[in-house]
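These notes are about the structure you will find just below.
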Amino acid sequence: MKRIAVIGAGSWGTALSIVAGRAGHQVCLWSRNAEVVDEINHHHVNSVYLKSYAVPETVRATSDIAEAVSSADFVLLAAPSHVTRELIRRMLPSLESRMLFISATKGVEIETGKRISEILRELLIERFEPRFVCLSGPSFAQEVAAGQPTAIVAASLSEDDCLLAQTALSFENLRIYTNTDVVGTEFGGAVKNVMAVAAGMVAGLGLGANSVAALITRGLAEMARLALAEGAQLETLMGLAGLGDLVLTCTGGLSRNRYVGQELGKGHRLEDIIKGMREVAEGVKTTRAVKLLAEKLSVEMPITNEVYAVLYEGKAVSDAAGELMLRPLRGEFEK
C-alpha cells in the first residue's frame, strides 16, 4: 500500500484516484474547489468532473496542498500544465527527496517550452534531484473509471521508478507499460492535443473520414519531428504515448480538444466555446507553446501553424484547411 497525493481533482485526477483507491492505496486528492472537496469527503463522488462513479472511501480530499503531499510516497500531478509551476512552488516546503513524482499532465509550458519534468527539476534541483515518471497514453477518464480496459505508459530514466509506478497503479482494467523515453512520452501527450483541435476542425467543417485519417497521419509526422529534435525515440511516437493517444484524442467523442476544434469548425467563437466548458482543453494553450518551440528548433509544423492562426489570429477554419491542401507537393517522408 502506498500513500498517494493526487494534485488536481478534474476528471483525470479523479479517475486515477478512483483506480488507486480501488487498488487499496491511501489517496489524498487536492482540489482548489471547496465544494468538490466536501462532496468527495461526505458523499464519495465528484459530480462536477466525473459524476456517476463512486470514489472509494480510501480516498479523501483536501484544499490544503501541504496536507495533501505530507508523508506521501507518490505525488501525482494531474492539474493543467499552465498552473503546474505555481502548484509545485506551493508544495516546495513539503516535498522530500524520497517522493516519486508522477506527471499525468499533458502539456508544455508556454513561456519556456519546458515539459513538466523540466519544470519540476528546475524548481527542485537546488534541494535534490527529483525522481520522475511520466504517465501518458490513450485514456479517457470516464472510461477508466467505468472499468473499461485501458493501456498507458509509465516513462522514467530510472527503470526502478518505472516499475514502482507500474506495480502500484496497474489494477484490473488499467494496464501500464514502461519505457525510458521521458522526452517522447511527454511530447506525445502534449502535441497530440494540438492535432486533436485540428481534427475537430475537420469534423466541424463536415469533412469525412478521408480527411481525418490524413490529418492524423500527417499530425503524427509533425509530432515526431518535434519530439525527435528534442532527443525522443521514434518507437515511443509509434506506441501508446504517441500514435495511440493521438488516434483516441482525434477521433473520440469524449475529447475536449476535438470538441473545441469541432465547434470552431461550425463557426462558433473560441471565447464562447471555452466559457461553456468545465475543464481545460490543453490543446488551446499548448498550441502556442508548441509553435514557439518549433520556431526555436526550426522544425516545420504546418498543422500547428494553421491551428495557431485559427485560435490566435482570427483565421477562418475553412481557410486554414485550404492552406494545408495548397502547400507545395513533396515526398511523404521528406524532412
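The values are calculated or read from the model by the stated rules, or taken from the named source; none is laboratory data. Since the structure is predicted, the reported quantities are computational estimates derived from the model, not experimental observations. With ideal geometry, Cβ positions are generated from the backbone for all residues, glycine too; neighbour counts draw on all protein chains shown.
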(request) Could you tell me whether any residue of segment 83-100 is within 16 Å of residue 134 (Cα to Cα) and either among the small types (Gly, Ala, Ser) or outside any helix (DSSP H, G or I) (or both)? (result) yes
(message) For the structure I just gave you, tell me whether residue 50 is within 14 Å of residue 16 (Cα to Cα), modelled with pLDDT under 95 and of a type outside the set (Gly, Ala, Ser).
(response) yes
(message) Quick check on residue 122: is it part of a helix (DSSP H, G or I), modelled with pLDDT of 95 or more and in contact with a strand residue (DSSP E or B) (Cβ under 7 Å, 6 or more places away or on another chain)?
(response) no
(message) Being without any contact (Cβ under 8 Å) to a residue 40 or more places away in the chain and within 27 Å of residue 185 (Cα to Cα) narrows it down to one residue among 239, 253, 261; which is it?
(response) 253
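Condition check ((1) within 19 Å of the chain's Cα centre (by Cα); (2) closer than 20 Å to residue 334 by Cα; (3) outside the structural domain of residue 192 (by TED's automatic domain parsing); (4) modelled with pLDDT of 95 or more) across all residues:
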{"residue": "280", "(1), (2), (3), (4)": "yes, no, no, no"}
{"residue": "287", "(1), (2), (3), (4)": "yes, no, no, yes"}
{"residue": "295", "(1), (2), (3), (4)": "no, yes, no, yes"}
{"residue": "309", "(1), (2), (3), (4)": "no, no, no, yes"}
{"residue": "312", "(1), (2), (3), (4)": "no, no, no, yes"}
{"residue": "315", "(1), (2), (3), (4)": "no, no, no, yes"}
(message) Kindly evaluate residue 6 against the criterion of being modelled with pLDDT of 95 or more, in a strand (DSSP E or B) and buried (at least 23 other Cβ atoms within 10 Å of the Cβ).
(response) yes
(request) For segment 47-64, enumerate the residues that are buried (at least 19 other Cβ atoms within 10 Å of the Cβ) and either in a helix (DSSP H, G or I) or in contact with a His (Cβ under 6 Å, 6 or more places away or on another chain) (or both). (result) 55
(message) I'm trying to understand the selection: among the residues of segment 80-100, which are surrounded by fewer than 17 Cβ atoms within 10 Å (Cβ to Cβ), in contact (Cβ under 8 Å) with a residue 24 or more places away in the chain and under 23 Å from residue 189 (Cβ atoms)?
(response) 89
(message) Scan segment 125-135 and tell me whether some residue there is crowded, with 23+ Cβ neighbours inside 10 Å, over 16 Å from the mean Cα position of the chain (by Cα), touching a residue at least 12 places away in the same chain (Cβ under 8 Å) and not in a loop (DSSP other than H, G, I, E, B).
(response) no
(request) Identify all residues within segment 276-335 that are touching a Phe, Trp or Tyr at 6+ places or on another chain (Cβ under 6 Å) and either surrounded by fewer than 16 Cβ atoms within 10 Å (Cβ to Cβ) or free of Cβ contacts under 8 Å to residues at least 40 places away in the same chain (or both); write none if there are none. (result) 291
(message) Being touching a strand residue (DSSP E or B) at 6+ places or on another chain (Cβ under 8 Å) and free of Cβ contacts under 8 Å to residues at least 24 places away in the same chain is the filter here; which residues of segment 153-169 pass it?
(response) 159, 163, 166
(request) Pull up segment 171-219, narrow it to residues that are surrounded by fewer than 20 Cβ atoms within 10 Å (Cβ to Cβ) and among the hydroxyl-bearing types (Ser, Thr, Tyr), then point me to the one that is farthest from residue 238 (Cα to Cα). (result) 211
(request) State which residue is nearest to residue 166 (Cα to Cα) when the search covers only segment 107-117 and only residues that are modelled with pLDDT of 95 or more and surrounded by 24 or more Cβ atoms within 10 Å (Cβ to Cβ). (result) 116
